[in-house]
Amino acid sequence: MATVSERVKTVTARVLAMDPGQIKPEQNFAADLGAESIQSVELVAMFEEEFGIEMDEDAALSVQTVGGAVEFITRVCKEQGVDVEE
Amino acid sequence: MQLILFDGPAEKRAKFYPLALSRPIWELRCGITTLSEKLLAKAGVSEAACFVPEYMAGAYAQRTQWKVNDPAVLAGDDLLILNGRLKAAGVKFDRKGPSKVGLDEDGQCLWAWVRKADISRVKSGSFDDLLESAKAALPAEKCDWPTYNYPWDLVLENGDQITADCKAAGRSGIEGTVEQPGAIRGSAKDVYVAAGAVVHPMVVIDAEHGPVYLDQDVVVHPFTRIEGPCYVGRASVLLGTRCREGNTIGPVCRVGGEVEESIIQGHSNKYHDGFLGHAYVGEWVNLGALTTNSDLKNDYSDVTVLLDGRTPVDTGSTKVGSLIGDHTKTSIGVLFNTGAYVGAMALIMATGKVLPKWIPSFAWLLGGQVTKGFGKAQLYKTAKVAMSRRDCQWTDADESMWDAIYEMTAPARDIAIKKGRRAMLRK
């Protein structure tokens, strides 16, 4: 099974039409990857679908970076009893 | 006599969603007044008491002088109890007659006349108790008084109701200002421009086929054409509008573009071009430039509406436009399907295509899919700003009511959100 980090990069790459290899944990979704506000909403929806979780929209949208998303999603998966590869 | 309006039962109220999510049905408009104003006039009283769903009682109490959900009103006088769905013109009761109740086809109470002397025969501890015990204790008859059953009933009757209401109001003439050059077609007797209203030059008021009533402080900008029957509410502004026949525009609206046989509740904006036809638009709605609704199918068949997101309801009419709930906002270029149900507190972005026929309340519709978007907190923030721009205040009671609506509408919205996520993934 791919790790949370790999899956987050894959989803991010698909939504933002990028090469997954270009995506780094320290990158900011908006400032570095150019995510528009609508794409941020789409990213949250796609992460929920990818991991089978429900995220609080305010908390999810406050996450700024790719690495932050990995940490946040890992925590939500644990809280919601979803097994993931860290 | 104490007039009491009540709003129920729940399954019949739901047929008036999304407009009745945030108000009693009797606050809806048809003609130049609300349904309650007509019921009060019919009963010959100036005020009523009322019973509304508990979740909206606090918010509604802020907007009315009436007693809301107060069982104390159920004692001490003759009681005329009317369901808010009743058409006032069909209400016929005998003030001197004995106590009795009127039941609809499902055996539910539509009205009751309870003489003071008979109040001891019914339970008056709560309103529900009173209705149930009145059914059991008092003579009952099948009610043949007509009712409104869906929001499009109001829209489809609106033109005729404006004509009837104008006749009843008996007002005519120019009390405001009509600047020249302009033109009034038809009989000037069918035009009323209230004090404080200003009609700019180059405006055509066409009363040939029905009356035109411009209420206090209305402003009509140049190149507007208003066809009667039409009512424009207090302090609303028409901006070069093609205001076709049969429109009711409530107070404090900004309306441009083309509007036909539609009702706008009040405090809503459709500033720019775009067509709105056979629609009912709630309060605090903003329709972005070029937002357009279809009100006629290409095959001229009856329009169906998905009130609950699943089951189509045949309207029996070939012309029905959008039902748009309070506080909903559209981006530029939104295209609504024929008979679209657009929930309250929704934020809708254009896709370049016609949008789904059913959009749940609190939806952020992005790329044609229902998403959680930025959540209800952001929607509340926008609502507060919109209201403050018109010197109105978003209160704790409003927020409590909308929180309850959010929960009530969550199951259907959650299904739509999941469906939207799967669709996005397939993209």
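The values are calculated or read from the model by the stated rules, or taken from the named source; none is laboratory data. Since we're looking at a predicted model, the values are computed, not measured. Reconstructed Cβ throughout: ideal geometry from the backbone, glycine too, with neighbour counts over all protein chains shown.
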- Which numbered condition B:A75 fails, given (1) in contact with a strand residue (DSSP E or B) (Cβ under 7 Å, 6 or more places away or on another chain); (2) at pLDDT below 95; (3) among the aliphatic types (A, V, I, L, M): (1)
- Message: Being of a type in the set (S, T, N, Q) and within 30 Å of B:L74 (Cα to Cα) is true for just one of B:T147, B:T177. Which residue is that?
- Response: B:T147
- Task: Select from the range B:49-73 the residues that are touching a Phe, Trp or Tyr at 6+ places or on another chain (Cβ under 7 Å) and crowded, with 18+ Cβ neighbours inside 10 Å and write down the one among them that is nearest to B:Y406 (Cα to Cα).
- Result: B:V52
- Note on the structure: Scanning the range B:206-224 for residues that are under 19 Å from B:D165 (Cβ atoms) and either out of contact with any strand residue (DSSP E or B) (no Cβ under 7 Å at 6 or more places or on another chain) or touching a residue at least 24 places away in the same chain (Cβ under 8 Å) (or both) gives B:H209, B:G210, B:P211, B:Y213, B:L214, B:D215, B:Q216, B:V218
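Somewhere in the range B:300-317, is a residue of a type in the set (A, V, I, L, M), more than 17 Å from the chain's Cα centre (by Cα) and under 30 Å from B:W394 (Cβ atoms)? Spell out how you get there, then give the answer.
Initial filter on the range B:300-317 (of a type in the set (A, V, I, L, M)): B:303, B:305-307, B:313.
Among the residues that remain, those that are also more than 17 Å from the chain's Cα centre (by Cα) are: B:303, B:306, B:313.
Right, trim to under 30 Å from B:W394 (Cβ atoms) and you get B:306.
Within the range B:300-317, one or more residues are of a type in the set (A, V, I, L, M), more than 17 Å from the chain's Cα centre (by Cα) and under 30 Å from B:W394 (Cβ atoms).
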- Task: Exactly one condition in (1) of a type outside the set (D, E, K, R); (2) under 21 Å from A:R14 (Cβ atoms); (3) modelled with pLDDT of 95 or more is not met by B:W394; state its number.
- Result: (2)
- Before we move on, is B:D165 in contact with a Cys (Cβ under 9 Å, 6 or more places away or on another chain) and farther than 17 Å from B:I249 by Cα? no
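Table: residues versus (1) assigned to a helix (DSSP H, G or I); (2) charged (D, E, K, R).
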position: B:S36; (1), (2): yes, no
position: B:E47; (1), (2): no, yes
position: B:C50; (1), (2): no, no
position: B:L80; (1), (2): no, no
- Item | Filter result for the condition that a residue is surrounded by fewer than 15 Cβ atoms within 10 Å (Cβ to Cβ) and part of a strand (DSSP E or B), over B:E132, B:E141 | B:E141
- Just need a number here: residues in the range A:17-59 that are under 17 Å from B:R421 (Cα atoms) and in contact (Cβ under 8 Å) with a residue 24 or more places away in the chain. 10
- Single condition B:T328 does not satisfy, out of (1) crowded, with 21+ Cβ neighbours inside 10 Å; (2) within 14 Å of chain A (Cβ to nearest Cβ): (2)
- Task: For residues that are touching a residue at least 60 places away in the same chain (Cβ under 8 Å) and farther than 23 Å from B:K376 by Cβ, scanning just the range A:72-81, find the one that is farthest from the other protein chains (Cβ to nearest Cβ).
- Result: A:T74
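Among the residues that make up the range B:281-302, is at least one of them within 14 Å of chain A (Cβ to nearest Cβ) and more than 21 Å from B:P251 (Cα to Cα)?
So the first thing to find is which residues in the range B:281-302 are within 14 Å of chain A (Cβ to nearest Cβ), and the list is none.
Looking for residues that are within 14 Å of chain A (Cβ to nearest Cβ) and more than 21 Å from B:P251 (Cα to Cα), one finds none in the range B:281-302, hence no.
Checking the condition farther than 24 Å from B:L347 by Cβ and assigned to a helix (DSSP H, G or I), which residue from A:K24, A:K78 passes? Spell out how you get there, then give the answer.
Values: A:K24 fails: assigned to a helix (DSSP H, G or I).
The conditions single out A:K78.
Keeping to the range A:6-25, report how many residues are surrounded by 18 or more Cβ atoms within 10 Å (Cβ to Cβ) and either more than 20 Å from A:E79 (Cα to Cα) or more than 14 Å from chain B (Cβ to nearest Cβ) (or both).
To start, the set of residues in the range A:6-25 that are surrounded by 18 or more Cβ atoms within 10 Å (Cβ to Cβ) comprises A:7-9, A:11-12, A:15, A:23.
Then keep just the ones that are either more than 20 Å from A:E79 (Cα to Cα) or more than 14 Å from chain B (Cβ to nearest Cβ) (or both); that gives A:8-9, A:11-12, A:15, A:23.
Residues that pass the stated criteria total 6.
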- Identify the single condition in (1) touching an Asp or Glu at 6+ places or on another chain (Cβ under 9 Å); (2) modelled with pLDDT under 95 that B:R23 does not satisfy, given that it satisfies every other one. (2)
- Can you tell me which of B:D165, B:D190 is among the charged types (D, E, K, R), farther than 28 Å from B:A386 by Cα, surrounded by 17 or more Cβ atoms within 10 Å (Cβ to Cβ) and free of Cβ contacts under 8 Å to residues at least 40 places away in the same chain? B:D190
- Given the conditions (1) more than 17 Å from B:E175 (Cα to Cα); (2) assigned to a strand (DSSP E or B), every one holds for B:Y213 apart from (1)
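Go through the range B:30-39 and give me each residue that's touching a residue at least 12 places away in the same chain (Cβ under 8 Å) and in contact with a Leu (Cβ under 7 Å, 6 or more places away or on another chain). Break it down stepwise before answering.
Initial filter on the range B:30-39 (touching a residue at least 12 places away in the same chain (Cβ under 8 Å)): B:30-33, B:35-36, B:38-39.
Matches in the range B:30-39: B:C30, B:L35, B:S36, B:L39.
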- Could you tell me whether any residue of the range B:56-63 is outside any helix (DSSP H, G or I), touching a helix residue (DSSP H, G or I) at 6+ places or on another chain (Cβ under 9 Å), closer than 20 Å to B:P251 by Cα and touching a residue at least 60 places away in the same chain (Cβ under 8 Å)? yes
- Task: Can you tell me which residue among B:Q369, B:Q378 is of a type in the set (S, T, N, Q) and within 25 Å of B:Y55 (Cα to Cα)?
- Result: B:Q378
- Wholly within the range B:352-426, which helices (runs of 4 or more DSSP H) include no fewer than the required count, namely at least 1 residues that are within 12 Å of another protein chain (Cβ to nearest Cβ)? B:375-388, B:410-426
- Query: Within the range A:26-53, which residues are at the interface with another protein chain (Cβ under 9 Å from one of its Cβ atoms) and either within 19 Å of A:T3 (Cα to Cα) or touching a strand residue (DSSP E or B) at 6+ places or on another chain (Cβ under 8 Å) (or both)?
  - Reply: A:I38, A:V41, A:E42, A:V44, A:A45, A:M46, A:E48, A:E49, A:E50
- Note on the structure: Picked from the range A:54-71 (must be at the interface with another protein chain (Cβ under 8 Å from one of its Cβ atoms) and crowded, with 19+ Cβ neighbours inside 10 Å), the residue farthest from A:T10 (Cα to Cα) is A:E57
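Do the conditions hold for A:T3, that is, is it within 14 Å of chain B (Cβ to nearest Cβ) and surrounded by fewer than 17 Cβ atoms within 10 Å (Cβ to Cβ)?
Working: within 14 Å of chain B (Cβ to nearest Cβ): no; surrounded by fewer than 17 Cβ atoms within 10 Å (Cβ to Cβ): yes.
It is false that A:T3 is within 14 Å of chain B (Cβ to nearest Cβ) and surrounded by fewer than 17 Cβ atoms within 10 Å (Cβ to Cβ).
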